[in-house]
Amino acid sequence: MLMKPIQEDGVYILPPLPYSYDSLEPYMDARTVEIHYTKHHQGYVNKLNAALKEYPELQKMPLEELIIHLDKVPEKIRTAVRHNGGGHFNHMFFWNTMSSDKKDESPADDLKKAIIRDFGSLEEFKKKFAEQAGAFFGSGWTWLVMDSFGKLHIVSTPGHDVPMREGFQPILIIDVWEHAYYLKYQNRRPEFIENWWHLVNWPVVNSYFDRAKLKLELN
Ligand code: MN3
């Protein structure tokens, strides 16, 4: 089951991971997944809750709205919400777009057509995506996104920033913070990215592509 924001009495809880810690082996090792999920991701959820503690009206806002419309968040907690709300959202998106069912599928026809239209070929897209993710300086994320005209782009965001603030809809994401790969790959981020392709959950990515079109009313 896909991860989505879950709250109990306004307090966010870490949703269950859609697979076991060891199920992304050998491309992503169990120890990395466990620490990433139980320490890093949990940490963002905890800090988001701490920031929202005194603001029941913000606890009621959908998480995505909260991190897009940071102007609605009081300045006192804005940075904390940006970092930790984004951290929670981005990690759920990341876990959801990977699968333990490593069949090496490819995108469904509609998405594949859009990728070929905007990047030339699936291979060229993968190459550009890997290059951008590999070259991104510091901690952040690389995304496949859709703009308001339906065109696909590869963008990177620092920290836990989200592309929706620039009007893009997210389709695919990779975590390029060192904590995502350091135990297994050390400084070899390009190797991590190359192996991560084996984990991409294309059926879910296809559903995010469809969702993006719906949100942008392009259907
Ligand atoms: Mn991470």
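General observations
- Inverse mean reciprocal Cα-Cα distance (Kirkwood Rh) of segment 28-96, Å: 12.4 Å
- One Cα centroid belongs to segment 19-78, the other to segment 150-188; the line between them spans 15 Å.
- Sorted peptide list for 166-173, 17-24, criterion being average Cβ within 10 angstrom, highest first: 166-173, 17-24
- The listed peptides 44-52, 57-65, 154-162, 140-148, ordered by packing as a protection proxy, come out as 140-148, 44-52, 154-162, 57-65 (highest mean of other Cβ atoms within 10 Å first).
- Only protein heavy atoms count here; on that basis, with a 1.4 Å probe, His69 has an accessible area of about 60 Å².
- Rounded to the nearest 20 debye, dipole of the chain from Cβ charges on Lys, Arg, Asp, Glu: 260 debye
- Rounded if a/c under 1.5, otherwise prolate or oblate - segment 134-208, Cα gyration tensor axes: oblate
- Per residue accessible area in Å² of the chain, where ligands, DNA and RNA are left out and the probe is 1.4 Å: 48 Å²
- Per residue, the average separation of C-alpha pairs within less than 8 Å and at least 6 apart gives segment 113-219 a relative contact order of 24 percent.
- Label zone (Glu54, point 7 Å along Cα-to-C-beta; backbone nitrogen cut-off 19 Å) within segment 78-100: 78-85.
- Of the DSSP H helices in the chain, those whose Cα atoms cover at least 27 Å axially and whose Kyte score averages -1.0 or more: 75-96
- Note on Lys53: lysines with a C-alpha under 17 Å away, same-chain residues under 8 apart excluded, are Lys72, Lys76.
- Selection from Phe192, Leu218, Thr79, by position along the positive dipole direction of the chain (Cβ): Thr79
- Tail beyond 28 Å, pair distance distribution of the chain (Cα, percent): 27 percent
- Positive minus negative residues near Ile154 (Lys, Arg vs Asp, Glu; Cβ under 10 Å): -1
- Solvent-accessible area, 1.4 Å probe, carbon plus sulfur percent, for the chain: 52 percent
- FRET efficiency, Glu217 to Asn46 (Cβ-Cβ, R0 30 Å, nearest 0.05): 0.25
The values are calculated or read from the model by the stated rules, or taken from the named source; none is laboratory data. Quantities reported herein were computed from a predicted structural model and do not represent experimental measurements. Because the Cβ atoms are built from the backbone with ideal geometry, glycine has one as well, and the counts that use them run over all protein chains shown. Keep in mind that these areas ignore ligands, DNA and RNA; they rest on the heavy atoms of the full protein, side chains included. Shrake-Rupley method; radii C 1.70, N 1.55, O 1.52, S 1.80 Å.
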